[in-house]
Amino acid sequence: MRVLLIIPAFNEAANLPEVLRGIAEHAPGCDVCVVDDASTDGTSSVALASGVEVLRGCVNLGIGGAVQTGYLWARHHGYDVAVQIDGDGQHDPRYLAAVIAPVLRGDADLVIGSRFAAPADASGFRSTALRRAGIRYLARFLRLRCGARVTDPTSGFRAAGRRAIELFATTYPSDYPEPESIAVAVRSGLRVSEVPVVMRPRQQGRSSIGALSTLYYLVKVSLALLLLPRRMSPPLSRTGGGAAS
Amino acid sequence: MSDPLLPAHLQWFATAVLVAMLAWVVQLIRTQRLGLRDSLLWLLSTGAALAVTVFPSVLRWIASRLSILVPANALFALAFVYVLVNLLAATIAISGHSARIRRLTQECTLLRAELAALRDRLDTRGERSR
């Protein structure tokens, strides 16, 4: 089973070395692909120095476009599993095995690493109280809208099987894509499940989502979830055949 | 309540047009011909216009502030602003795209040059091994 780790990075030159070291230590069998979203701080050179695959974009696309680039690479090179891991150090590579396991077993097409799934571990970094309230709201909304039972819909720590790779390589939302991509997956007939993980606070630098942006985030994601396309066909059948055109 | 200076049928007509507009934008988003990010201003401004049309007291207030005698004129003035604002937003978006297209074209040019250089290297190596 070939596994690709997709690391979207925008100006993470300071955090990347540590992230890549952790991955080399805890997941040596996985291929790594850093997607440099037109950073201006030499993120690419840092990544190249570590010897991993680097996809350097010339135009900033945002997290949605950057991650989708990773999925395009995963599809092109026939990977069985693609795992998204943030380049800022919040996602602990020790949980990689746990996140990948359901996909390898064939139990799920998309597995979300959740900070709030049982057994809940409150020792990890779980963001601010305001954000947690927002996340609870989104989790409820998501369940109402498409039936997905996900306690951490904003988590970017997720593993995708072949069907999810095929889907996301073709359609991936652009702004604040994490919750919307779950809805798209569920409505395309994919099986989504969760595993508990513990996250760390961002090591260096500032998050791209500030205080007021949280409200904008909630409004925008709610709208996006309300206005999902009516019907979506599954990208690949369960047995792996191609999508009927 | 029908204001003689803002006839009820004008209110109804404006409401119908705006609701149709809103429905059209929503449909475009759902069929993915219009991206949500680009449509936010359309949704917001159409919603605001709808609110003003359905609650004419707001319109009367705006009309009095701008010293417009007939509130119906204020409605048309606002319609004009609505079009201007959305047009300007679209123009700004176009400028952003132009900058990105320029960057992409340059990238293609540089990649093509790199490819040619690589091809040359392969060719010369091929000749030597013969």
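No value in this document is a laboratory result; all are computed from the given coordinates. This is a predicted model, so every value here is computed, not measured. Quick reminder, even Gly has a Cβ in these numbers, built from the backbone with ideal geometry, and neighbours come from all protein chains shown.
A few points about this structure:
- Peptide A:227-235 is shielded by partner chain Cβ atoms: per residue, an average of 2 of them sit within 10 Å of its Cβ.
- Each Lys and Arg Cβ is given +1 and each Asp and Glu Cβ -1; about its Cα centre, chain B then shows a dipole of about 600 debye.
- Prolate/oblate/rounded label for the stretch A:92-156 (Cα gyration tensor, a/c 1.5): oblate
- Scattering curve values for the stretch B:6-94, log₁₀ I(q)/I(0), Debye with Cα scatterers, q = 0.23 Å⁻¹: -1.12
- Ranking B:V58, B:L34, B:L115 by how far each Cα lies toward the positive end of the dipole of chain B (charges on Cβ) leaves B:L115 at the top.
- The mean sequence separation of alpha-carbon pairs under 8 Å and at least six residues apart, normalised by the residue count of chain A, gives a relative contact order of 22 percent.
- If you sort the three axes of the alpha carbon gyration tensor as a ≥ b ≥ c, you get a/c of 1.5 or more for the stretch B:42-91 and a/b no higher than b/c, which makes it oblate.
- Value at 222 nm in deg cm²/dmol, rounded to 500, when DSSP H runs of n ≥ 4 in chain B each add -39,500 (n - 2.57): -30500 deg cm²/dmol
- Its alpha carbons considered, the protein assembly as shown gives a radius of gyration followed by a Dmax of 25.0, 95 Å.
- Here chain A is treated with +1 on each Lys and Arg Cβ and -1 on each Asp and Glu Cβ, and its dipole about the Cα centre works out to around 1040 debye.
- Test item: B:32-39 mean partner chain Cβ contacts at 10 Å: 3
- Top of A:C146, A:C33, A:C58 by mean-square fluctuation, Gaussian network on chain A, Cα under 10 Å: A:C58
- Prolate/oblate/rounded label for the stretch A:32-84 (Cα gyration tensor, a/c 1.5): oblate
- Per residue Cα convex hull volume in Å³ - calculated over the stretch A:1-118: 103
- Estimated 222 nm signal from helices in chain A, with DSSP H stretches of n ≥ 4 weighted -39500 (n - 2.57), rounded to 500: -12500 deg cm²/dmol
- Scalar couplings 3J(HN,Hα) for the stretch B:18-29, obtained by applying the Karplus form with A = 6.51, B = -1.76, C = 1.60 to θ = phi - 60°, are 5, 5, 4, 4, 4, 4, 5, 4, 4, 4, 4, 5 Hz; x denotes Gly and Pro.
- Among B:73-86, A:4-17, the order from most to least packed when residues are scored by Cβ within 10 Å on average: A:4-17, B:73-86
- Charged neighbours of A:V221, selected by a Cβ distance under 15 Å, balance to +3 (K, R count +1; D, E count -1).
- Kirkwood analysis of the stretch B:51-130, using all unique Cα-Cα pairs, places the hydrodynamic radius at 17.8 Å.
- Förster radius 45 Å - calculated FRET efficiency between B:R112 and B:N73 (Cβ-Cβ, nearest 0.05): 0.20
- Sequence ranges A:87-96, A:45-54, B:23-32, B:115-124, ranked by mean other-Cβ count within 10 angstrom, highest first: A:87-96, A:45-54, B:23-32, B:115-124
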